[in-house]
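Here the structure comes first, spelled out in structure tokens, and everything after it is commentary.
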Amino acid sequence: MPDYKVALIVLYDLENRFLLQHRTKDARLLADHWAFFGGGLKTEETPLEALGREAMEELGHKIENPQLVLEQVFREGRTEGYMYVYVEQFTKDKSLLRLNEGQGWGWYKESELNGLKMIPRDKQIISLISEYLKNAYLK
């Protein structure tokens, strides 16, 4: 397993729209792309601990009930790593969230992603999460 590990949070609202971050033009990875909130694990930090820290740093959001939906190796440019992707429904007042990292953000339905500059892998992750949510609602 690669040494570089990241924990990512995909918040979704009651309309099944996903919160995405427009990364800055000088970001180390995925510069000027729309992507997920989250970041690298610090030494001896669990994925869930990193997720909580990153959600607070980047959004001012205290995670409550994140569900792990995907783990996988990734390669982005020269960086190889391992990602943990969590989802959590956001039902609170959206004005409580604060964009503390990136150049923008927005809530998007899966059908609205084609106009955004995103890597194919992240679009696939959104599709996977959409299927996960459909199946979760059927239970």
Subject >> Single residue of Ala50, Ala55, Ala35, Ala31 found to be modelled with pLDDT under 95 and at negative phi >> reply: Ala31
**OP:** State which residue is farthest from Tyr12 (Cα to Cα) when the search covers only the range 74-92 and only residues that are in a strand (DSSP E or B) and β-branched (Val, Ile, Thr).
**Re:** Thr79
Original post:
If you check Leu30 against the conditions, is it more than 20 Å from Ser130 (Cβ to Cβ) and part of a loop (DSSP other than H, G, I, E, B)?
Top reply: yes
Subject >> Pairs, first at positive phi and free of Cβ contacts under 8 Å to residues at least 12 places away in the same chain in the range 91-115, second among the aliphatic types (A, V, I, L, M) and outside any loop (DSSP other than H, G, I, E, B), C-beta under 8 Å, six or more apart >> reply: none
Original post:
Restricting attention to the range 54-75, does a residue exist that is under 23 Å from Ile129 (Cα atoms), within 13 Å of the chain's Cα centre (by Cα) and aromatic (Phe, Trp, Tyr)?
Top reply: no
Original post:
Taking the range 42-73, which residues are β-branched (Val, Ile, Thr), touching a residue at least 12 places away in the same chain (Cβ under 8 Å) and part of a loop (DSSP other than H, G, I, E, B)?
Top reply: Ile63
Original post:
Are there any pairs, at least 6 apart or on different chains, whose C-beta atoms fall under 7 Å, with the first in the range 125-137 and over 14 Å from Leu14 (Cα atoms) and the second modelled with pLDDT of 90 or more and not β-branched (Val, Ile, Thr), and if so, which?
Top reply: Ile125/Leu70; Ile126/Phe18; Ile126/Glu110; Ile126/Leu113; Ser127/Glu110; Leu128/Leu70
Subject >> the range 93-133, residues that are of a type in the set (A, V, I, L, M), over 21 Å from Glu57 (Cα atoms) and assigned to a helix (DSSP H, G or I) >> reply: Leu113, Ile125, Ile126, Leu128, Ile129, Leu133
**OP:** May I ask you to list the residues in the range 5-48 that are of a type in the set (S, T, N, Q) and under 15 Å from the mean Cα position of the chain (by Cα)?
**Re:** Asn16, Gln21
**OP:** Looking for whichever is within 23 Å of Ala136 (Cβ to Cβ), buried (at least 17 other Cβ atoms within 10 Å of the Cβ) and either of a type in the set (Val, Ile, Thr) or in contact with a helix residue (DSSP H, G or I) (Cβ under 6 Å, 6 or more places away or on another chain) (or both) here; the options are Val87, Val6. Which one fits?
**Re:** Val87
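The values are calculated or read from the model by the stated rules, or taken from the named source; none is laboratory data. Here the structure is a predicted model, which means the values were calculated and not measured. Glycine also receives a Cβ, built like all others from the backbone with ideal geometry; neighbour counts cover every protein chain displayed.
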